[in-house]
Amino acid sequence: MALDRVKVLVLGDSGVGKSSLVHLLCQNQVLGNPSWTVGCSVDVRVHDYKEGTPEEKTYYIELWDVGGSVGSANSVKNTRAVFYNAVNGIILVHDLTNKKSSQNLYRWSLEALNRDQGPTGVLVTGGDYDREQFADNQLPLLVIGTKLDQIPEGKRHEVLTRTAFLAEDFNAEEINLDCTHLRYLAAGSSNAVKLSRFFDKVIEKRYFFRDGAQVRPPSPPRPAGGRQSAGRRRGGAGPGPTR
Ligand SMILES: Nc1nc2c(ncn2[C@@H]2O[C@H](COP(=O)(O)OP(=O)(O)OP(=O)(O)O)[C@@H](O)[C@H]2O)c(=O)[nH]1
Ligand SMILES: [Mg+2]
């Protein structure tokens with residue numbers, strides 16, 4: 001039986017670790033030797049909505065890993081715009097060792113939400129962020145900081161305080177991790193719980209709610225003694241990596 005699916009964009013500057021993260025999420029493996037993503041690469045994670053409850057149901061989460069090569073030139077942005085249709089959620093990825101990559105998340109999100117242009121077509125934000133631009137945003141967002149392993153112990157507090165503010169700006173939960181180790185997303189960990197909550201939210205917005213009102217009841221309960229399926233992933237699905 002075909003599963004319902006949702007589309008989640010994975011956005012951020014080139015080199016922050018988007019492909020590494022997606023590989024971890026979908027293949028449950030560390031990506032050995034990543035190269036630049038050209039265009040977009042799609043991979044799929046199998047997610048159990050409300051796992052362990054009577055409403056549990058399995059969905060495909062399509063993760064659209066958009067190459068982060070710089071470009072706010074209209075031609076580059078227009079090329080990326082084809083990936084921004086019918087999006088159900090966005091994972092914003094930044095490199096904890098690189099402040100600029102954090103700042104640029106404002107631009108990435110505004111670009112994907114198509115709010116970065118004034119009526120004149122001029123870019124409204126030059127890195128300056130206006131909270132109001134997100135006031136009516138309904139799309140679930142998640143902020144993920146990578147390369148936690150590269151932050152010296154003594155600087156962690158400062159860096160993590162900064163990223164907490166960043167996530168607050170987006171009204172999003174945040175996860176900070178090292179994409180070169182599986183343990184950061186281990187089943188049952190607080191990161192895994194946050195991730196699962198985010199995907200549940202994306203599914204709810206897509207399938208169960210419109211403008212805050214329920215449009216479709218959650219699926220009927222499963223028979224008692226449902227499957228054990230924590231953090232399952234499906235390999236090699238979707239159009240596959242483009243590299
Ligand atoms: N130490 C460390 N290295 C990481 C981490 N995440 C990613 N990297 C490395 O950072 C480099 C870039 O990672 P990618 O996953 O290719 O980055 P990307 O965001 O997909 O880049 P583009 O495809 O160009 O947009 C690779 O060498 C990764 O191995 C991390 O958490 N810790
Ligand atoms: Mg990539």
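The values are calculated or read from the model by the stated rules, or taken from the named source; none is laboratory data. Small disclaimer: the values here were computed from a predicted structure and weren't measured. All Cβ positions, glycine included, derive from the backbone under ideal geometry; neighbour counts span all protein chains shown. All accessible areas refer to the heavy atoms of the entire protein, side chains included, with ligands and DNA or RNA removed. Shrake-Rupley method; radii C 1.70, N 1.55, O 1.52, S 1.80 Å.
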Within the stretch 121-158, residues at pLDDT 95 or above, of a type outside the set (D, E, K, R) and either more than 17 Å from the chain's Cα centre (by Cα) or assigned to a helix (DSSP H, G or I) (or both) come out as L148, Q150, I151, P152, G154, H157
Quick one: count up the residues across the stretch 160-183 that are closer than 16 Å to H94 by Cα and part of a helix (DSSP H, G or I). 10
Are there any pairs with C-beta distances below 6 angstrom linking a residue in the stretch 39-67 that is within 13 Å of ligand 1 (Cβ to nearest atom) to a residue that is aromatic (F, W, Y) and modelled with pLDDT under 95, with the two at least 6 apart or on different chains, and if so which? C40/F83; W64/F83; V66/F83
Output for Cβ contacts, cut-off 8 Å, separation at least six or different chains, first residue closer than 30 Å to Q133 by Cα in the stretch 168-192, second open to solvent by 80 Å² or more (accessible area, probe 1.4 Å), reads D169/R131; E173/R197
Inspect all residues belonging to the stretch 98-113 and state whether any of them is within 16 Å of ligand 2 (Cβ to nearest atom), in a strand (DSSP E or B) and touching a Leu at 6+ places or on another chain (Cβ under 6 Å). no
Of all residues in the stretch 39-64 being under 17 Å from K201 (Cβ atoms) and of a type in the set (F, W, Y), which is farthest from ligand 2 (Cβ to nearest atom)? Y49
Determine if the stretch 28-38 includes at least one residue that is away from ligand 2 (no atom under 15 Å from the Cβ), over 18 Å from V143 (Cβ atoms), open to solvent by 20 Å² or more (accessible area, probe 1.4 Å) and outside any strand (DSSP E or B). yes
Any chance the stretch 14-21 includes a residue that's out of contact with any Leu (no Cβ under 9 Å at 6 or more places or on another chain), charged (D, E, K, R) and within 12 Å of ligand 1 (Cβ to nearest atom)? no
In the stretch 163-213, anything aromatic (F, W, Y) and either touching a Cys at 6+ places or on another chain (Cβ under 7 Å) or on the phi > 0 side of the Ramachandran plot (or both) is listed as none
